[in-house]
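Engineer: What follows is a single structure, and I will ask about it in a moment.
All of the numbers you see were taken from the coordinates with simple rules; none came from a lab. This structure is a prediction, so every number in the text was calculated from the model and none was measured. Because the Cβ atoms are built from the backbone with ideal geometry, glycine has one as well, and the counts that use them run over all protein chains shown.
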C-alpha cells in the first residue's frame, strides 16, 4: 500500500484464488453452506445482491459477537 494505491501481485493471487474456487465447488457439491459477509459500506449492496442470486445466507450489516455460536 503506497499513497492509497494498492498493488496486487497477480502471480501470487491467481493460484490462491483458484484454490478458493476449488474449495467452494467441493463444499457446495457436498451440500455445504457458504456464508457471504460484507459489512463495509462499499460492499454491502453487492454482497446482498449476489448472495440472494446464489441463494446463500449473508450478513451485510454490523457483525455481532456470537452470531455463529
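Engineer: How high is the FRET efficiency between residue 35 and residue 4 when r is their beta carbon distance and R₀ equals 35 Å, given to the nearest 0.05?
Structural biologist: E between residue 35 and residue 4, to the nearest 0.05, is 0.70.
Engineer: In square nanometres, what is one fourth of the surface area of the convex hull spanned by the alpha carbons of the chain?
Structural biologist: Projected area, direction-averaged: 6.7 nm².
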